[in-house]
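A.B. asks: One structure coming up, written as structure tokens, with questions to follow.
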Amino acid sequence: MTQRERFLAMAVGGLFVVIAFQWGFNRYRDAIKFRDNRLAGLQNEANTLNEKLLAGAYADRQMGEYMVRSLPSNPERAQSIYQSWLLGTVREAGLRDAGVDPVSDAPVGDLYYRYGFRVSGKTTLNGLVGLLHDFYARDYLHRIRELNFGPSRTGDLNVEMTIDAISLNNAAIDAKIPERESWRVAKSLDETRQTILNRNFFQPPNQPPVYAGDATLVAVKGEKTDVRLKVDDPEGTDVTYELDGELPEWASFKADSGTFTFNPPADPEDGEESGDGSSASSDEPLKVVVRMTDTGYPRRQIEKTLAVKLENPPPPKEPDPLPPKFDDATQTYLTALVQGRDDWTAWMNVRTRGETLKLQVGDSFEIGSMKGSVKSVSARVVLLEIDGKEYELRPSGKLSEAVALESPEQPKETEASVDGDAPEAADETPAEAPASAPEQSETPSEQTEEADSSEEPTPQSQLD
């Protein structure tokens, strides 16, 4: 055998070995898969059997419960006992003109017997809720198949209901109806009525009122204080108030309006005690509890604990300053400067009083808030002394404005300088330069007589 033939034989042998190995591996894999599938199938069958076993145990337990709740297997006895119980329940619920009549009885296969009863009568909604609660609270094999109720002419409800009751065929002939209550009804009759009746079917649930006032009420010692509680109701219904506890003698509460009235005594003096035997000056606030209930449907209530704090009365309020009187000086004008025989006279018109003051050098005056004297009078200006200061007032000038502008300190003008100083007169404006005395046609005596004869003359010395 040549080398080539040997290689060829080895390749063919290796190929057969690979094919044999693959065949054996596939057989092994199929066997493992078959075993796993068989185990899974057996496990499913076991689970199914366990479920059936549990269902049977549950059915057996349920049947045992049904046996306890079942009516007697004797039809006449079962119907009589249940009808008697049902009639007593209807009467206890306050059903007027009540009727409890059997309407049917029929076997259902070979398992149980079904009895039908019709109940009718008149009652209120409260009585109907009580009847239904008593019915479901008793742990019988029964149900309400049909229930109809509606208003009557008298305002009550006409009630008609059809009831089914069950009697198991395996139950004892003389089995007693159980007296225990059903675990399916967890609430008492009062709680059931509160849940069903105390609500409005046509509006959103009623919200409780909200206290919007201060948690601390202030009572002033020695003063009577009324404090009304501020409560807001989301639905806008009225709110009633109830006080829990007692108040001291100096406090009272009006439940209709929710108003506290406090009248604590003032601080005791010279060792005296307050009238209620307790010190009114205690710093410990008084705690009061108020319950607030709205009139919505259903009624909602909140409870608020408030603190009543005693405080000293505030210090007496200072009286408001009197309004300032009208100052005559603001309406006083220098209307004229009149030259008499000897000297000049200043005419000051007080418009608020309707009078004209004729003042000469040395005369004192009091006009409104201005009190002073005349220092000098010339053809152009009057020099006044008020509160130790000198002020100049010119014709048509207002007294109050002249005082507001303090005149600068300068040498006082004399009559000689005013009358004879030509350069100073030339500096004045034409409007402020009155006619000189020599230019007047009248004599000084005639000027004086003319000034006395008229209240407000227009002398030539008055400026425009």
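A.B. asks: Out of curiosity, is Ala346 in contact with a Gly (Cβ under 6 Å, 6 or more places away or on another chain) and of a type in the set (Gly, Ala, Ser)?
C.D. replies: Taking the combined requirement at face value, the residue does not satisfy it.
A.B. asks: Which of (1) more than 58 Å from the chain's Cα centre (by Cα); (2) within 18 Å of Ser182 (Cα to Cα); (3) buried (at least 17 other Cβ atoms within 10 Å of the Cβ) does Arg61 not meet, given it meets every other one?
C.D. replies: The failed condition is (3).
A.B. asks: Hey, could you check segment 383-405 for residues that are acidic (Asp, Glu) and not in a strand (DSSP E or B) and say which is surrounded by the fewest Cβ atoms within 10 Å (Cβ to Cβ)?
C.D. replies: Asp387
A.B. asks: Restricting to segment 32-74, name every residue that is assigned to a loop (DSSP other than H, G, I, E, B) and among the hydroxyl-bearing types (Ser, Thr, Tyr).
C.D. replies: Answer for segment 32-74, where residues must be assigned to a loop (DSSP other than H, G, I, E, B) and among the hydroxyl-bearing types (Ser, Thr, Tyr): Ser70, Ser73.
A.B. asks: All but one of (1) open to solvent by 60 Å² or more (accessible area, probe 1.4 Å); (2) among the acidic types (Asp, Glu); (3) closer than 21 Å to Met63 by Cα hold for Asp164; state the number of the condition that does not hold.
C.D. replies: (1)
A.B. asks: Could I ask something else about it? For Glu92, work out the one condition from (1) surrounded by 19 or more Cβ atoms within 10 Å (Cβ to Cβ); (2) under 51 Å from the mean Cα position of the chain (by Cα); (3) charged (D, E, K, R) it doesn't fulfil.
C.D. replies: Unmet condition: (1).
A.B. asks: Sticking with this structure for a sec: Pick from segment 24-56 the residues that are among the hydrophobic types (A, V, I, L, M, F, W, C) and open to solvent by 60 Å² or more (accessible area, probe 1.4 Å): which of them is nearest to Leu141 (Cα to Cα)?
C.D. replies: Leu54
A.B. asks: May I pose another question? If only one of Gly130, Gly155, Gly150 is assigned to a loop (DSSP other than H, G, I, E, B) and within 44 Å of the chain's Cα centre (by Cα), which one is it?
C.D. replies: Gly155
A.B. asks: I would also like to ask the following. If Lys224 satisfies every condition in (1) open to solvent by 60 Å² or more (accessible area, probe 1.4 Å); (2) at pLDDT 90 or above; (3) within 20 Å of the chain's Cα centre (by Cα) but one, which is the exception?
C.D. replies: Only one criterion in (1) open to solvent by 60 Å² or more (accessible area, probe 1.4 Å); (2) at pLDDT 90 or above; (3) within 20 Å of the chain's Cα centre (by Cα) is unmet by Lys224, namely (3).
A.B. asks: Please list, ordered by first then second residue, the pairs with beta carbon atoms under 7 Å, 6 or more apart or interchain, first in segment 113-138 and assigned by the TED database to the domain that holds Ala171 and surrounded by fewer than 21 Cβ atoms within 10 Å (Cβ to Cβ), second basic (Lys, Arg) and in a helix (DSSP H, G or I).
C.D. replies: Close Cβ pairs (under 7 Å, with a partner that is basic (Lys, Arg) and in a helix (DSSP H, G or I)) amount to Asn126/Arg193; Val129/Arg193.
A.B. asks: In addition: For segment 146-182, name all the residues that are of a type in the set (Gly, Ala, Ser) and in contact (Cβ under 8 Å) with a residue 24 or more places away in the chain.
C.D. replies: Ser152, Ala165, Ser167, Ala171, Ala172, Ala175, Ser182
The values are calculated or read from the model by the stated rules, or taken from the named source; none is laboratory data. Keep in mind it's a predicted model, so treat the numbers as computed, not measured. All Cβ positions, even for glycine, are placed from backbone atoms using ideal geometry, and neighbour counts span all protein chains on display. Just the protein is used for accessible areas: all its heavy atoms, side chains included, with ligands, DNA and RNA removed. Shrake-Rupley method; radii C 1.70, N 1.55, O 1.52, S 1.80 Å.
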